[in-house]
1. Taking into account only those residues within the range 39-69 that are in a loop (DSSP other than H, G, I, E, B) and among the charged types (D, E, K, R), which is surrounded by the most Cβ atoms within 10 Å (Cβ to Cβ)?
2. Among the residues of the range 199-213, how many are more than 12 Å from the chain's Cα centre (by Cα) and assigned to a loop (DSSP other than H, G, I, E, B)?
3. Let me spell it out: the conditions are (1) among the acidic types (Asp, Glu); (2) surrounded by fewer than 22 Cβ atoms within 10 Å (Cβ to Cβ); (3) at pLDDT 95 or above, and Glu122 meets all of them except one. Which number is the exception?
4. Check the range 11-25 and report whether any residue there is more than 15 Å from the chain's Cα centre (by Cα) and of a type in the set (A, V, I, L, M, F, W, C).
5. Hey, can you tell me all the residues within the range 85-102 that are on the phi < 0 side of the Ramachandran plot, of a type outside the set (A, V, I, L, M) and surrounded by 24 or more Cβ atoms within 10 Å (Cβ to Cβ)?
6. What is the one condition in (1) touching a His at 6+ places or on another chain (Cβ under 6 Å); (2) not in a loop (DSSP other than H, G, I, E, B) that Ala131 does not satisfy?
7. Here are the criteria: (1) in contact with a Gly (Cβ under 9 Å, 6 or more places away or on another chain); (2) among the small types (Gly, Ala, Ser); (3) surrounded by 19 or more Cβ atoms within 10 Å (Cβ to Cβ); (4) not in a loop (DSSP other than H, G, I, E, B). Tell me which single one Ala73 does not satisfy.
8. Taking the condition of being of a type in the set (Gly, Ala, Ser), more than 18 Å from Lys162 (Cβ to Cβ) and in contact with a Leu (Cβ under 8 Å, 6 or more places away or on another chain), how many residues in the range 104-136 meet it?
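The values are calculated or read from the model by the stated rules, or taken from the named source; none is laboratory data. Since the model is a prediction, treat every value here as computed from it, not as a measurement. Quick reminder, even Gly has a Cβ in these numbers, built from the backbone with ideal geometry, and neighbours come from all protein chains shown.
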Amino acid sequence: MPKKIGVIVFPGSNCDHDAYHAMKHIMNVETEFLWHKDNDLSGIDLLIIPGGFSYGDYLRSGAIARFSPIMNAVQDYVKKGYPVLGICNGFQILLEAGLLPGAMLHNEKLRFICKNVYLRVESTRSPFTGALENGQVLTIPVSHGEGNYFIDKKGVQKLEEKEQIAFRYCTEEGHITQEANINGSVSNIAGITNEQGNVLGMMPHPERAMESILGLTDGIPFFESVLHKLEIA
C-alpha cells in the first residue's frame with residue numbers, strides 16, 4: 001500500500017506549504033493538506049501539525065486551534081498509536097490539547113527569535129529519532145515568540161526517566177549551556193515525545209533545513225530517520 005503524509009492547515013498556518021514541499025518534493029512521499037474542519041484521517045500514515053500562527057495566536061499559541069474539529073480525530077489517531085509530529089505552533093497545539101505534557105511561555109527576553117540553532121539528540125527511543133545517534137548535533141532554524149517550554153521539576157524528572165526529551169538546545173560542540181538556551185526553556189528542552197513515543201513536539205523547523213540553496217540540510221537526516229523508522233519510505 002502507498003504511504004501518505006497529512007499536513008493539517010489551520011486559519012493562520014504559514015508553514016504548511018513548507019512541510020508539504022519538504023515531504024512531497026524532497027522526501028518524495030505522497031502528501032496531502034487536511035483542512036482544520038476535516039475529521040477523517042483514514043489512510044494517513046504520518047500526521048504533521050505545522051508552524052504558523054493558528055487563529056492569530058489569540059489568547060495564547062495553540063489555545064483556539066486545540067478546539068478545531070480535526071483535533072478530535074487527532075486524539076483518536078494518537079490513541080491508535082499513529083505518529084504525529086508537531087512543529088513550532090504544532091508543538092504548542094499538542095501541549096494545549098494535552099497530547100504532550102507541559103506548557104509554552106513567551107521567550108525569556110520577550111522577543112521573537114528567528115535564527116539557526118544547534119540541537120542535540122537526547123533520546124533515540126522514539127521512531128522520530130530512532131535512526132539518529134544520541135549526542136548527534138543538528139543545525140535547524142527556529143522562528144517563534146512563545147517557545148519557552150515549561151514543566152515543573154517532577155515533570156522534568158519524569159521526562160528524563162521515560163526518555164521523552166528528544167532534543168535540547170546546545171552549542172555547536174554539543175554542550176548544554178545557558179548561553180545555548182535561546183528562549184529560556186527549562187533544562188534547554190527543544191523537543192519532547194509522549195510516553196508512547198508516537199507524538200513528537202519540537203520548536204525548531206526541520207522542514208526549513210532541507211535544501212542546500214537555503215543553507216541548511218540537517219532536516220533531511222531527521223526526516224529520513226522519521227520515515228525509515230515508521231517504514232513510510
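1. Ranking the candidates gives Asp45 first.
2. Adding up the residues that qualify gives 2.
3. (2)
4. no
5. Across the range 85-102, the qualifying residues are Gly86, Asn89, Gly90, Phe91, Gln92.
6. All conditions are met except number (2).
7. So the condition that Ala73 fails would be (1).
8. Residues of the range 104-136 of a type in the set (Gly, Ala, Ser): 123, 126, 130-131, 135.
When the remaining residues are screened for being more than 18 Å from Lys162 (Cβ to Cβ), the result is 131, 135.
After this cut, where a residue has to be in contact with a Leu (Cβ under 8 Å, 6 or more places away or on another chain) as well, the list is none.
Total satisfying the criteria: 0.
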